[in-house]
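Asker: My questions all concern the structure below.
The values are calculated or read from the model by the stated rules, or taken from the named source; none is laboratory data. No experiment lies behind these values; they were computed from the predicted model shown. Neighbour counts are summed over all protein chains in view; Cβ atoms, including those assigned to glycine, are modelled from backbone coordinates with ideal geometry. Areas reflect the complete protein model, heavy atoms only, side chains present, ligands, DNA and RNA absent. Shrake-Rupley method; radii C 1.70, N 1.55, O 1.52, S 1.80 Å.
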Amino acid sequence: EAQDHGSYEVIVVEDGDGTGATAASRLKDDRIRCLATGGLGQVPARNLGIAAATGRWITFLDDDDRWADRQHLAAFETALRRADGLAHGSGRIVLETDSARLIEAFDFSSVASARSLRRDNTLLVSSLAFPRSYAAAFGAFDATLPYYWDWDWYLRLTAAGVPLLKVPASGARISARIDSVSADANRPARAAELARLARKHGLPPLVLRNHLSIARDASVHNQSMAG
């Protein structure tokens with residue numbers, strides 16, 4: 001959805017076939033800039049976008065996600081004006097086919113602490129924001145962890161004492177397409193990388209999950225408690 005908050009810049013980082021940059025250019029909005037990675041992958045794309053940003057805060061929106069709440073940006077700005085930190089909101093995980101046909105959907109409650117993040121990643125990339133200065137202070141995203149670059153960064157921040165700020169925003173619609181990076185076909189690679197993440201941060205063995213399975217498990221638990 002369009003945002004009621006109008007003071008922002010949009011950096012579209014094209015890492016695919018050029019359709020994103022083409023669509024952005026058609027909007028004729030001078031707040032929008034387009035960059036290209038040449039197909040290096042999502043982690044270099046995010047690092048490139050942050051390096052080009054000039055705003056005070058950074059937030060991401062993947063090309064298959066959207067903010068269904070027009071006040072999404074305003075809610076995050078309000079939180080970050082009060083205090084610096086890694087601000088995070090909740091959302092809805094939507095399982096879709098590659099043609100965007102809905103299969104199932106679950107609410108996702110973003111609840112996390114420095115301790116809980118050492119067990120599981122319950123933060124949504126398309127429903128968080130942080131000061132741009134954190135990129136210089138804590139380093140770029142680790143491109144050698146293409147599945148768990150986000151979790152790795154959260155662990156680095158919280159280990160340094162960065163607070164987690166829960167934002168009362170739940171309008172992020174997160175697409176979990178059956179051909180996404182967290183799909184079953186990628187389980188062996190994800191499992192190997194998860195073990196590397198655990199070793200890097202001195203964590204106990206971690207359970208291989210994704211945001212869809214976390215949301216689905218929470219839904220089953222809530223239904224059983226209600227029954």
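Asker: Accessible surface of ARG81 in the full protein assembly, 1.4 angstrom probe, to the nearest 10 Å²?
Answerer: About 140 Å², ignoring ligands and nucleic acids.
Asker: With the radius of gyration and the Kirkwood radius both derived from the Cα set of the stretch 1-100, what is their ratio Rg to Rh?
Answerer: On the way: Rg = 14.5 Å, Rh = 15.2 Å.
With Rg and the Kirkwood Rh in hand, the quotient comes to 0.96.
Asker: As a test question: what accessible area, to the nearest 10 Å², does VAL111 have when a 1.4 Å probe is rolled over all protein chains in place?
Answerer: 90
Asker: At 4 °C and 1.567 mPa s, grab the translational diffusion coefficient of the chain from Stokes-Einstein with a Kirkwood Rh over Cα pairs, rounded to a whole number in µm² per second. Each step should come with its number before you reach the end.
Answerer: Values: Rh = 18.4 Å.
Reported coefficient: 70 µm²/s.
Asker: Compute the whole-percent fraction of alpha carbon pairs in the stretch 101-227 spaced more than 20 Å apart. List each step's numbers first, then the result.
Answerer: Values: 3963 of 8001 pairs.
Looking at the stretch 101-227, the distances longer than 20 Å represent 50 percent of pairs.
Asker: If you don't mind, another one. Hey, can you rank 149-155, 165-171 by average C-beta count inside 10 Å, highest first?
Answerer: On the way: 149-155: 21.3, 165-171: 17.9.
Most protected by this proxy first, the peptides run 149-155, 165-171.
Asker: Among SER127, SER90, SER113, which one shows the biggest mean-square fluctuation in a GNM of the chain, springs joining Cα atoms closer than 10 Å?
Answerer: Maximum fluctuation in the GNM of the chain, among the listed residues, is at SER113.
Asker: Ranked by accessible surface with a 1.4 Å probe, highest first, in what order do THR158, THR22 come? Write out the running numbers ahead of the final one.
Answerer: Working: THR158 20, THR22 60 Å².
Largest accessible area first, the residues go THR22, THR158.
Asker: Have a look at the DSSP beta bridges in the chain and tell me what percent are antiparallel, nearest 5.
Answerer: Numbers: 13 of 27 bridges.
In the chain, DSSP labels about 50 percent of beta bridges as antiparallel.
Asker: Same structure again: How many angstrom lie between the Cα centre of the stretch 139-159 and the Cα centre of the stretch 107-126?
Answerer: Using only Cα atoms, the two centres lie 14 Å from each other.
Asker: I would also like to ask the following. So, counting K/R as plus one and D/E as minus one, what does the shell of residues with Cβ under 13 Å around ALA36 add up to?
Answerer: Working: positive: ARG33; negative: GLU14, ASP15, ASP17.
With Lys, Arg at +1 and Asp, Glu at -1, the net is -2.
Asker: Going from most exposed to least, what order do ASP4, ASP142 have by accessible area with a 1.4 Å probe?
Answerer: On the way: ASP4 90, ASP142 35 Å².
Largest accessible area first, the residues go ASP4, ASP142.
Asker: Right, another one. Probe radius 1.4 Å, ligands and nucleic acids ignored: give me the carbon and sulfur share of the accessible area of the stretch 142-203 as a rounded percent. Spell out each step's value before the answer.
Answerer: Values: 1600 of 2860 Å².
Roughly 56 percent, rounded to a whole number.
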